[in-house]
Amino acid sequence: MTAGGDEPRPRLPLSGDALLRPDPRYGDLRDRGPLARVLTPAGDEAWLAVRYAETRALFADPRLGRSHPHPAEAARISDSGVQGGAAANYATEAADHAFMRRLVAPSFSARRVARLGQYVQQLLDGYLDEMIREHDRTGAPVDLHAWVTGPLPVRMIGELLGVPAADHGHFRDLADRAGGLRGTAPRAAIGELVGYATSLLECKRATPGDDVVSDLVAAQDEHPDFTDEAAVGILIMLLIAGHETTVSFTDMGVLLLLRHRAVLDALGRDASLADQVVEEVLRVGSSGGVGMVRYAHTDVDVVAADGTGTTIRAGDAVILSMSSANRDERAFDDPSEFRPFAPSAAPHVGLGHGPRFCLGAPLARLEMRAVLSTLAARLPGLRLAGEESEVITRRDSFMGGIESLPVTW
């Protein structure tokens, strides 16, 4: 089975003409089939999964991984230090991934994260108090992204990992730079992160605490083959995945609420609606980005509902577009509409699916619920300071997102 047509390959990332409105080419690609041939930001060929059913299945398919059978031949994705190309060890990836999840998952369990709820609210209220004082003092718009939605997730992931509070800003800056798509800055940022994480391991080895880094150090005593290099890789993954996604989705959630005042008002009256709002934000709150990168370890046949099929060859790069899958007309009614109080026909894949489902999902949901419900209650007159079209998106970032979110009330 092969993909048909020799039309020009679209180059990622596909960027819509406005926030929260993905490039219409995604819809065109979905109409043609579950997979499309595209060019990565680096210019190499890859498959892009664009439909819901097939994307969800590929997330759970053990024949796809972050590693490549022949790394030197792997398609390059970008200059990003996050997902620039093949990673992990092909021979041991499955075992390494299972070990990592067993080791780290307890720190991000729903029960453990729930105990952080009061602390998250205290931090959030403090950030909001400072932002409101600044607004009252100057009478000028304030950047919600800089005052609240950016600092809160990095503070929380930093606390869980065991990063000293004084280093949180530095950590966030490194993570932001590591996600760039082009140039030497992303790799340089990863180099700095490796150095910092290595020194943090040494600090926790001397003075352990109740945090993830100390847990990794303790695991090294039980598993001598668990190297510092492997531990550092886990730390960097948790840092970037643990806050970048949350920041982006929370910003998009704010924009969606400001666009849909009836939902904002309802949430302000009843905070118990926050779960429904958050899940719908996770479905439609795309802010660009490339997608989740995988490589085929064997040939994989993908058969669409109409019986047509495509073969992903061993070694091919596959990019899973969660934002396209979550707007698939085959899976959702009115898929581009923000309807948090209407029952959804299918669970979204905004945070992945299966063995690769986001470990930090409970924490991300907790933070998003707190921010959106608290803003709705404390600042019901919140509005953008300017037009939505003036909000600057991060088009040169693997994770997408926005640069700033100027608001007033």
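The values are calculated or read from the model by the stated rules, or taken from the named source; none is laboratory data. From a predicted model like this one, the values you see are computed outputs, not experimental measurements. Neighbour counts are summed over all protein chains in view; Cβ atoms, including those assigned to glycine, are modelled from backbone coordinates with ideal geometry. The area values use the complete protein model at the heavy-atom level, side chains included, leaving out ligands, DNA and RNA. Shrake-Rupley method; radii C 1.70, N 1.55, O 1.52, S 1.80 Å.
Brief remarks on what is shown
- Some residue of segment 132-142 being more than 30 Å from residue 408 (Cα to Cα) and out of contact with any Phe, Trp or Tyr (no Cβ under 7 Å at 6 or more places or on another chain): no
- Pairs linking a residue in segment 339-355 that is closer than 17 Å to residue 267 by Cα to a residue that is open to solvent by 70 Å² or more (accessible area, probe 1.4 Å) and modelled with pLDDT under 95, with Cβ atoms under 9 Å and 6 or more positions apart or on different chains, are 339/333; 342/333; 342/334.
- Matching option when the condition is on the phi < 0 side of the Ramachandran plot and touching a Phe, Trp or Tyr at 6+ places or on another chain (Cβ under 9 Å), among 169, 84: 84
- Of the helices (runs of 4 or more DSSP H) contained entirely in segment 38-126, those carrying at least 3 residues that are touching a Lys or Arg at 6+ places or on another chain (Cβ under 9 Å) and surrounded by 13 or more Cβ atoms within 10 Å (Cβ to Cβ) fall at 52-60.
- Pair list, Cβ under 7 Å, 6 or more apart: segment 305-324 residue without any contact (Cβ under 8 Å) to a residue 24 or more places away in the chain, other residue surrounded by fewer than 20 Cβ atoms within 10 Å (Cβ to Cβ): 313/299
- When residue 208 is tested against (1) farther than 27 Å from residue 351 by Cα; (2) part of a helix (DSSP H, G or I); (3) of a type outside the set (S, T, N, Q), only condition (2) is not met.
- Scanning segment 135-158 for residues that are farther than 24 Å from residue 175 by Cα, assigned to a helix (DSSP H, G or I) and either open to solvent by less than 50 Å² (accessible area, probe 1.4 Å) or basic (Lys, Arg) (or both) returns 135, 137.
- Filter pass, residue 400 being closer than 20 Å to residue 274 by Cα, in contact with a Gly (Cβ under 6 Å, 6 or more places away or on another chain), open to solvent by less than 50 Å² (accessible area, probe 1.4 Å) and modelled with pLDDT under 95: no
- Yes/no for residue 282 being touching a His at 6+ places or on another chain (Cβ under 6 Å), closer than 22 Å to residue 369 by Cα and either open to solvent by less than 10 Å² (accessible area, probe 1.4 Å) or of a type in the set (A, V, I, L, M) (or both): yes
- Restricting segment 292-349 to residues that are among the small types (Gly, Ala, Ser), open to solvent by less than 10 Å² (accessible area, probe 1.4 Å) and more than 24 Å from residue 93 (Cβ to Cβ), the residue that is farthest from the chain's Cα centre (by Cα) is 304.
- Some residue of segment 232-245 being small (Gly, Ala, Ser), within 16 Å of residue 83 (Cβ to Cβ) and buried (at least 22 other Cβ atoms within 10 Å of the Cβ): yes
- Failed item in (1) under 20 Å from residue 240 (Cβ atoms); (2) modelled with pLDDT of 90 or more; (3) in contact with an Asp or Glu (Cβ under 9 Å, 6 or more places away or on another chain), with residue 144 passing the rest: (1)
- Test: residue 64 is within 18 Å of residue 309 (Cα to Cα) and within 23 Å of the chain's Cα centre (by Cα): yes
- Flag for residue 298 being assigned to a strand (DSSP E or B) and either among the polar types (S, T, N, Q) or modelled with pLDDT under 95 (or both): no
- Any hit, segment 173-189, residues being at negative phi, assigned to a helix (DSSP H, G or I), touching a Phe, Trp or Tyr at 6+ places or on another chain (Cβ under 7 Å) and modelled with pLDDT of 90 or more: no
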